[in-house]
Amino acid sequence: MTRPAAPKVRQAIEAMQPYSPPTSGRGGMLRLDFNENTVGCSPRVVQKLRQAATADFLTVYPEYESARREMAAFFGVAADELTFSDGTDEGIHVVLQTFVNPGDEVLIPAPAFPMFKFYSQVADAKPVLVTYPETDLAFPLDELLAAISPRTGAIIIANPNNPTGTAIDLATIERILQKASGAAVLIDEAYFEFYGVTALKLLASYPNLFVSRTFSKTYGLAGLRVGCVFSQAQNMAAMRKGQSPYSVTSLGITCALEAVKDQDYLNAYVREVLKARSQLYAALGRLGIESFPSEANFILTRYKDDETALRIYTELKARGILVRPRGKEVARTVRFTVGNQEQTGRLIAGLEEIL
Ligand SMILES: Cc1ncc(COP(=O)(O)O)c(C=O)c1O
């Protein structure tokens, strides 16, 4: 008997570079590397999780309908304009698998959150990176508008952008939406709470607009994997046809609903981070470190050469502080997540010692 052959990996997957998320070793360190909440979620969420986690609750499949109504009311949209997703990641995946055909172009202003390219490749689409100029990292609007064509299946923009921290206004988003008729335009608002400008306002006017939000960042629930995607009802219905019917856990939904009820906690954290961000900008200025204008809870910094950037990363790590080198995307850069003022003080002290 001949041995059966293993299945052939799809060409699109074969061609991808594997993504390597942090695997271990972040425990006990000051985590200024993944733009998470650095002090933890609202205590009310932990309390709710403890109460909810009964054997009875865990036995049943999640039910989304009333949760969707409640969450939609919080965001000021209709219930049929919201879909829960297993983090933003699944949201991006489902938008692309629903609206992009193999071979379509997905336009991505770059540097960008790596999952935009990743899921474009999974969908067998062609990611087209429209690059920010290295000098000032200004949003490449003219280049993006010029790249839109009948081949454009989707455009994905994080606003504020990761890793640059820079943001665009609603007028700019509207110019893109106008030009990209028939394509899915996804505005990823993972860092919305630090910026305060949302494209959700444009939802009724643009049937090609998608907006995503996450509970992984400001809300401090990255481990639970909950996000939301918003678009007009007909788009949401199409998306849900191809989405796993139970991709978000009942505990995740329960915690996200509790998290939005504690806006005092959220607002206090945002205020604290914004103060710490000013503190960090002042210190970077004093230390002569180049930085870019951030509307998020992180700052991208640039050094005279790659060795200096690497030294900043390794020497901070030796002091128990994790940051993210971003030199593969923008030469000579390192990204610092902004935590609270005490944590930012530790980062500044580390930088002062190293330089
Ligand atoms: C722009 C952007 N979108 C989405 C995410 C990930 O979100 P989630 O944890 O909801 O999948 C990140 C995380 O770094 C991000 O920077």
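For the chain, what relative contact order do you get, as a whole percent, if you take Cα pairs closer than 8 Å and at least 6 residues apart? Please list the in-between numbers first.
Values: 615 pairs, mean separation 79.5, N = 355.
Over the chain, the number comes to 22 percent.
Tell me, what ³J(HN,Hα) does each residue in the stretch 159-166 have, in order and in whole Hz, if you take phi through Karplus 6.51 cos²θ - 1.76 cosθ + 1.60 with θ = phi - 60° and put x for Gly and Pro?
Each residue of the stretch 159-166 in turn: 9, x, 8, 10, x, 6, x, 6 Hz.
Using a cut-off of 20 Å between alpha-carbon atoms, which aspartates and glutamates can reach residue 241, once sequence neighbours fewer than 8 places away in the same chain are excluded?
Within reach: 63, 65, 80, 81, 86, 89, 90, 124.
Rounded, prolate or oblate: which one fits the stretch 207-355, using the alpha carbon gyration tensor with axes a ≥ b ≥ c (rounded when a/c is under 1.5, else prolate when a/b beats b/c, else oblate)? Numbers along the way, then the final one.
Numbers: a/c = 2.48, a/b = 1.91, b/c = 1.30.
Because a/c hits 1.5 or more and a/b exceeds b/c, the stretch 207-355 counts as prolate.
In angstroms, what radius of gyration and Dmax does the chain have, counting Cα atoms only?
When restricted to Cα atoms, the chain yields Rg and Dmax of 20.9, 74 Å.
Under the Karplus relation 6.51 cos²θ - 1.76 cosθ + 1.60, θ = phi - 60°, what is the ordered set of whole-Hz ³J(HN,Hα) values for the stretch 38-44, x standing for Gly and Pro?
9, 10, x, 6, 4, x, 4
³J(HN,Hα) across the stretch 182-194 via Karplus (A = 6.51, B = -1.76, C = 1.60, θ = phi - 60°), whole Hz, x for Gly/Pro?
In residue order, the calculated couplings are x, 9, 8, 9, 9, 9, 8, 9, 4, 10, 3, 4, 8 Hz.
In Å, what is the Rg of the alpha-carbon atoms in the stretch 1-67, and how long is Dmax?
Final numbers for Rg and Dmax: 21.4, 62 Å.
Classify the stretch 183-243 as rounded, prolate or oblate from the Cα gyration tensor: take a ≥ b ≥ c as the square roots of its eigenvalues, call it rounded if a/c is under 1.5, otherwise prolate when a/b beats b/c and oblate if not. Intermediate values should be presented prior to the final figure.
Values: a/c = 2.99, a/b = 1.34, b/c = 2.23.
The shape class here is oblate.
What lysines could a cross-link reach from residue 304, if we take a straight Cα to Cα line under 22 Å and drop same-chain neighbours fewer than 8 places away?
Filter leaves 317, 328.
Just so you know, all these numbers are worked out from the coordinates, no wet-lab data involved. Treat the numbers as computed from the prediction; the structure is a model and nothing was measured.
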